[in-house]
Amino acid sequence: MAKFKCTAAAEGSPFQVGEEYDIPSEDASENPPVPPTMWAKMAVTSIVKHDDNRETLHFNAVCKKGGYPEDGADEDNTFARFSPAATLEIYIANPALFGKFHRGQKFYLDFTESPDSPPLAPAEAVPAATE
């Protein structure tokens with residue numbers, strides 16, 4: 001584990017400026033901890049149980065049925081404003097995790113780039129998306 005001191009945090013982030021957090025690192029001197037690039041808040045929307053004691057979890061970005069308070073003072077509203085649409089599907093094969101999730105649970109996702117990621121390509125080298 002390595003220590004990371006938060007110097008900036010997005011609105012709604014679970015991290016607090018000035019606080020220290022433990023970040024896994026094989027060798028903190030060669031791979032210093034990096035704060036997350038992005039946070040998301042996701043809710044379990046469905047669970048598909050398979051015959052082999054495995055399951056598939058489906059997540060969507062948080063939102064609130066019935067709207068938010070007029071002042072917008074709701075954590076889910078903050079996340080929904082910056083990540084209004086997201087889906088995630090995870091196939092659970094770990095027996096220790098089977099049955100540990102339930103519909104409606106909410107989770108923070110921390111997107112921290114792995115040190116072995118390829119470098120970002122120059123913008124002109126990235127092909128345009130096609131539909």
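For residue 112, the amide hydrogen comes within under 5 Å of the amide hydrogens of 37, counting only partners 5 or more places away or on other chains and with H modelled in the peptide plane. Residues 76, 71, ranked from the fewest to the most other C-beta atoms within 10 Å, line up as 71, 76.
Counting beta carbons within 10 Å around each of 108, 91 and listing the fewest first gives the order 91, 108. Compared with the direct C-alpha span, the chain from residue 112 to residue 54 gains 18.2 nm at full extension, assuming 0.36 nm per residue. Quick one: order 44, 17 by neighbouring beta-carbon count within 10 Å, fewest to most. Listed from fewest to most nearby Cβ atoms, that is 17, 44.
Just so you know, all these numbers are worked out from the coordinates, no wet-lab data involved. Owing to the predicted nature of the structure, the values given are computational and were not obtained by experimental measurement. All Cβ positions, even for glycine, are placed from backbone atoms using ideal geometry, and neighbour counts span all protein chains on display.
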